[in-house]
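Okay, so here's the structure we're looking at.
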Amino acid sequence: MLTQQLRIGTGFGAHSTADDVLAGIDLTGTTALVTGGYSGLGLAATRALARAGAHVVVPARRPATAERALHGIPGTEVHALDLADPESIGAFGERFLGTGRSLDILINGAGVMACPETRIGPGWEAHFAVNHLGHFALVQRLRPALAAASGGSRVVSVASSGHFLSGIRWDDIHFRTGYDRWLAYAQSKTANALFARHLDGLGSGLGLRAFSVHPGSILTPLQRHIPREEWLAQGWVTPDGKPAAGFKSPEQGAATAVWAATSPLLEGHGGAYCQDCDIAEPATTEDMLVGGVKPWATDPEEASRLWELSAGLTGLDAF
Ligand SMILES: NC(=O)c1ccc[n+]([C@@H]2O[C@H](COP(=O)([O-])OP(=O)(O)OC[C@H]3O[C@@H](n4cnc5c(N)ncnc54)[C@H](OP(=O)(O)O)[C@@H]3O)[C@@H](O)[C@H]2O)c1
């Protein structure tokens, strides 16, 4: 049954790290896959999952960079995958399924933010294409491995409180009438939340549960497209360049995704949007640092409509 957006009281919070939420959890014998698992929050998640005993597969659009980032972390492996390229996703899926492995944990963490207007394939807007459609296609390709996990599987979409700024723009999803980099990011993050919600409904009969998370605010290479002066104007850094109050470390930023992927407290739950290592409440503010979830990111009809659209665009609907 779909989980209500109500805190459950987990004992963890904004300051908890990925290692904290994994304390006492032994992931030996499990396989996890973390997209973007070689940078920022994804790297912190990969490290923590590997330390807890999981074997972590890290698909990368820059495999050599990923190999360097993961050097010396036992139990990790890198494969080529570009989420902007449907053929690359298909080839990766075949390679993974070809190993005969099941997949216990999938963290869809890769993403781009506020990049200049970029068109992909048939003219898709890049945030929607990479952050949402790429992960949609990846999950479709990996369905047999997720369904084969003996203890059930979890899929976590790394969304964002950035979803506050936009629901799905049904009349102009690809920004053909004018581009706005923040609205493009926001729409893609709403899509991440809606995707997890609908996937959970389709997957629960297979033992697959899905969640979306807001990781918090963390300075990482994600902000690469934003000029430094804007970091100050946005309130991300103090005048001396330090992360602003309320910002998390990458290890804290990875905690909610890792918690959603592994916590026994979430058994029987699914489809919910989480933050600070708990299920998020409906948003009562416009302040993204406070967070919560907006109604357009949890609406079941929006989720179903997005699924249909995504299946049509990618030509994939394995569930
Ligand atoms: N940092 C924050 O404050 C924050 C807040 C809310 C939500 N989030 C979300 O958290 C997730 C992780 O962000 P982060 O801060 O850890 O950023 P990051 O350090 O930039 O990591 C993003 C990762 O995504 C990968 N990626 C981008 N495009 C890709 C593509 N086409 N194919 C495959 N991989 C691709 C990047 O690969 P390359 O290194 O090769 O480019 C990188 O490894 C994102 O989904 C982001 O929206 C972050």
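The values are calculated or read from the model by the stated rules, or taken from the named source; none is laboratory data. Please read these numbers as outputs of a predicted model, since none were measured by experiment. All Cβ positions, glycine included, derive from the backbone under ideal geometry; neighbour counts span all protein chains shown. Note: areas computed on protein heavy atoms with side chains; ligands, DNA, RNA excluded. Shrake-Rupley method; radii C 1.70, N 1.55, O 1.52, S 1.80 Å.
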Based on what the data block shows, is ARG101 over 30 Å from ARG169 (Cβ atoms), of a type in the set (Lys, Arg) and part of a helix (DSSP H, G or I)? no
What pairs can you find where one residue is in segment 80-96 and over 10 Å from LEU138 (Cβ atoms) and at pLDDT 95 or above, the other is among the aromatic types (Phe, Trp, Tyr) and in a helix (DSSP H, G or I), and their Cβ atoms are less than 8 Å apart, with a gap of 6+ or different chains? ALA80/PHE92
Looking at segment 76-103, which of the residues that are open to solvent by less than 30 Å² (accessible area, probe 1.4 Å) and within 25 Å of GLY151 (Cα to Cα) is farthest from the ligand (Cβ to nearest atom)? LEU103
Criterion first (more than 14 Å from the ligand (Cβ to nearest atom), within 16 Å of GLY271 (Cβ to Cβ) and of a type in the set (Asp, Glu)) does ASP200 satisfy it? yes
For segment 145-180, give me each residue that is crowded, with 19+ Cβ neighbours inside 10 Å and either within 16 Å of the ligand (Cβ to nearest atom) or acidic (Asp, Glu) (or both). VAL155, VAL156, SER157, VAL158, ALA159, SER160, SER161, GLY162, HIS163, PHE164, LEU165, SER166
Residues that are open to solvent by less than 70 Å² (accessible area, probe 1.4 Å) and either in a helix (DSSP H, G or I) or not aromatic (Phe, Trp, Tyr) (or both), drawn from segment 307-319: TRP307, LEU309, SER310, ALA311, GLY312, LEU313, THR314, GLY315, LEU316, ALA318
From the options LEU183, LEU208, LEU202, residue that is under 20 Å from LEU103 (Cα atoms), open to solvent by 10 Å² or more (accessible area, probe 1.4 Å) and of a type outside the set (Val, Ile, Thr): LEU202
Among residues belonging to segment 213-228 that are open to solvent by less than 20 Å² (accessible area, probe 1.4 Å) and farther than 28 Å from THR3 by Cβ, point out the one that is farthest from the ligand (Cβ to nearest atom). ILE226
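Can you pull out the residues in segment 17-34 that are outside any loop (DSSP other than H, G, I, E, B) and aliphatic (A, V, I, L, M)?
Residues of segment 17-34 that are outside any loop (DSSP other than H, G, I, E, B), as a first pass: 18-22, 31-34.
Within segment 17-34, ALA18, VAL21, LEU22, ALA32, LEU33, VAL34 meet the criteria.
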Filter result (β-branched (Val, Ile, Thr) and open to solvent by less than 40 Å² (accessible area, probe 1.4 Å)) within segment 285-306: THR285, VAL293, THR298
What number of residues within segment 247-256 satisfy the criterion of being near the ligand (Cβ under 10 Å from one of its atoms) and touching a helix residue (DSSP H, G or I) at 6+ places or on another chain (Cβ under 6 Å)? 3
What number of residues in segment 26-44 are crowded, with 24+ Cβ neighbours inside 10 Å and more than 9 Å from the ligand (Cβ to nearest atom)? 3
Residues that are assigned to a helix (DSSP H, G or I), touching a residue at least 24 places away in the same chain (Cβ under 8 Å) and away from the ligand (no atom under 13 Å from the Cβ): does segment 116-136 have at least one? yes
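PRO59 - would you say it is at negative phi and open to solvent by 50 Å² or more (accessible area, probe 1.4 Å)? It would help to see each step written out before you state the result.
Numbers: at negative phi: yes; open to solvent by 50 Å² or more (accessible area, probe 1.4 Å): no.
Against the criterion (at negative phi and open to solvent by 50 Å² or more (accessible area, probe 1.4 Å)), PRO59 does not qualify.
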If you check every pair at least six apart or on different chains, which have Cβ atoms under 7 Å apart with a residue in segment 292-304 that is on the phi < 0 side of the Ramachandran plot first and a residue that is open to solvent by 80 Å² or more (accessible area, probe 1.4 Å) and at pLDDT 95 or above second? GLU302/TRP296
Would you check if there is a residue in segment 17-25 being within 14 Å of the ligand (Cβ to nearest atom) and surrounded by fewer than 22 Cβ atoms within 10 Å (Cβ to Cβ)? no
Would it be correct to say that ALA261 is within 15 Å of the ligand (Cβ to nearest atom), open to solvent by less than 50 Å² (accessible area, probe 1.4 Å), more than 21 Å from VAL112 (Cα to Cα) and in contact (Cβ under 8 Å) with a residue 24 or more places away in the chain? yes
What are the pairs, 6+ residues apart or on separate chains, where a residue within segment 170-184 that is outside any helix (DSSP H, G or I) has its Cβ under 8 Å from a residue that is of a type in the set (Phe, Trp, Tyr) and surrounded by 18 or more Cβ atoms within 10 Å (Cβ to Cβ)? ILE173/PHE128; HIS174/TRP124; HIS174/PHE128
